1. Place a +1 charge on the Cβ of each Lys and Arg in the stretch B:286-354 and a -1 charge on the Cβ of each Asp and Glu, then give the dipole magnitude about the Cα centre in debye, rounded to the nearest 20.
2. Would you please classify the overall shape of the stretch B:31-169 from the alpha carbon gyration tensor, given that a ≥ b ≥ c denote the square roots of the eigenvalues, rounded means a/c under 1.5, and beyond that prolate means a/b larger than b/c while oblate covers the rest?
3. For the stretch B:146-300, what does the alpha-carbon gyration tensor say about shape, rounded, prolate or oblate, given a ≥ b ≥ c as the root eigenvalues, a/c under 1.5 as rounded, and a/b over b/c as prolate?
4. Per q in 0.04, 0.05, 0.09 1/Å, what log10 I(q)/I(0) does a Debye calculation on the alpha-carbon atoms of the protein assembly as shown return?
5. Evaluate peptide B:181-190: per residue, the Cβ atoms of other protein chains within 10 Å of its Cβ; return the mean as an integer.
6. About its Cα centre, what dipole magnitude does the protein assembly as shown give when the only charges are +1 on Lys and Arg Cβ and -1 on Asp and Glu Cβ, stated in debye to the nearest 20?
7. Could you tell me which of the pairs A:K185/A:K209; A:K199/A:K270; B:K71/C:K42 are separated by over 24 angstrom between their Cα atoms in the structure shown?
8. Which of the peptides A:184-197, A:353-366, A:101-114 is most tightly packed, and how do the rest follow, judged by the mean count of other Cβ atoms within 10 Å per residue?
Amino acid sequence: MSAATPVVAGKGTLGTRTMKLNIGPQHPATHGTLHLECEVDGEVIVDVIPHIGFLHTGFEKLAEYRSYNQFITLSDRLNYMSSLNNNIGFAMAVEELLGIEITPRCRVLRVIMAELGRIGDHALSIGLQAMDLGAFSIMLWTFVEREKLYDIFEAVTGGRLTTSWTRIGGLSRDVPDDFVPAVKKFVDYFPGVVDEIEKMLNRNRIFLKRTIGVGALSKQDAISHGLTGPLLRACGVAYDIRRANPYLGYEKYDFDVPTAPDGDVYSRYKVRIAELRQSLRILEQAMENIPSGPVTALDTKFALPDKFSIYNDMEALIHHFKLIMHGHGFKPQAGEIYSSTEGPNGELGWFIVSDGTRNPYRLRCRPPSFINYTAMPKMVRGQMISDLVAVMSSINVIAGELDR
Amino acid sequence: MGRGNRPVVKGDKAIRFWDIAVVIGVFAVVMQIVPLLVWAERRISALIQDRVGPNRVGPFGLFQPLADAIKLLFKEDVIPDGADRFLFVLAPALAFFPAAMTATVIPFGAPMLIGGEMLQLQVCRGNVGMMLFMALTGLSVYGIAFGGWASNNKYAMLGSLRASAQVLSYEIAMGIALVSVFMTSQSVDLNTIVADQTGTWMGFVPKWNVLKQPLAFVIFFIAAFAETNRLPFDLAECEAELVGGYHTEYSSMKFSLFFLAEYAAMFSSCCMITTLFLGGWSFPGMPAGETGKLFSLLTVAVFFTKVAVLLFFFIVVRWTLPRFRFDQLMHLGWKTLIPLGLANIAATGVAAQL
Amino acid sequence: MRYDYVGVLIYLVLAVGFVLIGMTAQRFVSKFLRTNKPSAAKLSPYECGEEPVGGTSIRFNIRFYVMALVFIVFDVEIVLLFPWARVFTELYPYYRMTLFWDMLIFVGILALGLAYIWAKGDLEWVKTFRKHLSPAEKVARTPSKKEAV
């Protein structure tokens, strides 16, 4: 026993002492690799020091040596549970830097895929939350649904987990013919799954006891920590970038920003469930009329020509060469841009500084997990070890995004 | 009541071949039911979770537990630094004995007339088998407590502390539920309790204790979950918080003994619930005083059917519910089950006076 | 009667034999088949890959001992209740009523004891639960129980 361990109860030498307990990096509850250095008094957490950096990939630095299109592949690895949202967010930031207007078809397709990505992420998050509370089956149910989503992703992008779908100025390719029926089928089918999950958890006394009042955070704390996404909305702040600062034509869609009052684990669960339904609503509206036309901006100085014309058209091949080959590629004007989208975990921001060369001078990502994770010690202090696990899964920390 | 026409012949006879056969048989059943249970758990959980489950080793994957056992036997046996080696080795055995021994008090079927003498399908013939049951349940905590403490591991120690407090608390609730059953049946002998539950009301409703003592049944059932460390009460080993709980540091044969103990305890608990509340080996419309061999085997089949239903329920609960937090668990035990049990005793007493 | 528990003894011998054989087999027979390569890292207590700070044999929270004490009281109570439950209806009416009321008073006293420790807060598993919170956090931790959207 180290001399530094403070005596927390009783007087003199007969008091009980706190114990240092490491949760992570190799722990079943730390999805990904996190390390929480806990000080526990019995089972009550006196303090928590989160250590991060186990999955540090340094991709902000890597971006300085890659062209903008090359970086899209890296953005997959950020929050790997919703790589589509990262792809879209990054492409939008660069398009804003370049001043490209994307085609209407591309906008709608991006909205559809972003919402599908959000559904996948939220479903998994709810499943993991249930799993950490002990209801293992629900996690596997959501995994099954995610597999169905991944089938759609695979048909559209060619990849299941790491999609690398967008390109600066458009998409890597147009969606396949059976895309609309596949998504329609999913949209029809998925509400039943949400109902099933709700049936399992909403009136489950154990689940309610384990979540209500656990890890609660006040509105002020949430705002001052800079929380975004479901965590902030669970504290009663109706802030959603899709509403506050619409992009991709989100202002045209009719959807609610769900909030919950308490800021505890239960509120986060409720918000995520409600957001699943809202995403389905957006999907239904977006599926109604997908504009026809090209998916890539016609401005070929920036946007990649499609593969068919590369093989059949001399001009397209030249453009392709000028954009792709080493030492070539477009050069944005010198300047800087901050662009943010609503990722599943919160505000996913991209700060890009261009010095007029082919690579960004500096790229900085505002990862929602990282900012949300800062409020973690405040949430769990004075709660039990079991609550720590519940809180951690309710934050939905994705290590790839946390450590970048 | 049933005490008068007790169908059991007892005497100061020396122990006979068939008695020993019953002992060995019960031991074999307990040891064989565990792999079956493990297999059933994995298949049923797969069913619940839209998976296939183990289906490669043997027909329907039935030999999967055997393969697991062989694998465990060949695993490296690690005793961590700083562990109390004696207790570390002793703990799995201590966990295994009470779990396996609980089955001794269960009457598995109607007495059988064999070789001109009555053979009871029960290992412990004494009429205070319930005391033995309570004692063994109390002892089961030692294995877990020692195992967690001797591991010199913080998760294991937290798990064992949780287990001790949990098992102790729920043992009281269990005992209180038992008292009201004894009051109804006016016996502490399991054979008499079973005999008391034969017969029917209105020709088809069996006179089971679950209908006479529904509250005691619920309390005992919940306590049985807690005593066997099953979800939603598996706080001693909850993998999401304490990694493996008390058996975090265990590997190889020692781990498999803990594993065996858990499932054996589950089987014994289900047997006990069946005997106490679901009429044991009796079934409605059963001829009284029948001692044929076939009839006896039929009652054994009836008994195991009831146990299988309970075990199925145990498994389904395990794979659908979240688990309690520790203070909530103690809250349920001390503030809900125990006062309810005490009230139930008083109510039963008053009812018996009327 | 003398042989009533012989079966249990035989059963115990079987169980002990099973464990002994298993342990021995694991220790000696499978020694030739299984790996045995201990290393310092492998033998160190598992703590998620971190070096454990501080041992496990510390003075732990007092709640566990309180619970154990309360348990003993109630367990003894149950042991006393068992024989009573067996005989309480069999005696002559006068004694029967006396015995019944006696036991009810006994249980009542213990129930009072339970009520006392309940009121005193010793049944709250974590008495120190909110001790570590600041006043603002205490307010935040009180849920309003309002339904979410």
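Just so you know, all these numbers are worked out from the coordinates, no wet-lab data involved. Treat the numbers as computed from the prediction; the structure is a model and nothing was measured. Quick reminder, even Gly has a Cβ in these numbers, built from the backbone with ideal geometry, and neighbours come from all protein chains shown.
1. Numbers: 6 positive and 2 negative charges, 51 e Å.
So the dipole magnitude of the stretch B:286-354 works out to roughly 240 debye.
2. On the way: a/c = 2.06, a/b = 1.16, b/c = 1.77.
Oblate shape, in that a/c is at least 1.5 and b/c is the bigger or equal ratio.
3. Details: a/c = 3.37, a/b = 2.16, b/c = 1.57.
Verdict is prolate for the stretch B:146-300.
4. Taking Cα atoms of the protein assembly as shown as identical point scatterers yields -0.24, -0.36, -1.00.
5. 3
6. Details: 86 positive and 80 negative charges, 248 e Å.
About 1200 debye.
7. Details: A:K185/A:K209 36 Å; A:K199/A:K270 13 Å; B:K71/C:K42 19 Å.
Long pairs (Cα-Cα over 24 Å): A:K185/A:K209.
8. On the way: A:184-197: 15.4, A:353-366: 17.4, A:101-114: 22.3.
Top to bottom by mean Cβ count within 10 Å: A:101-114, A:353-366, A:184-197.
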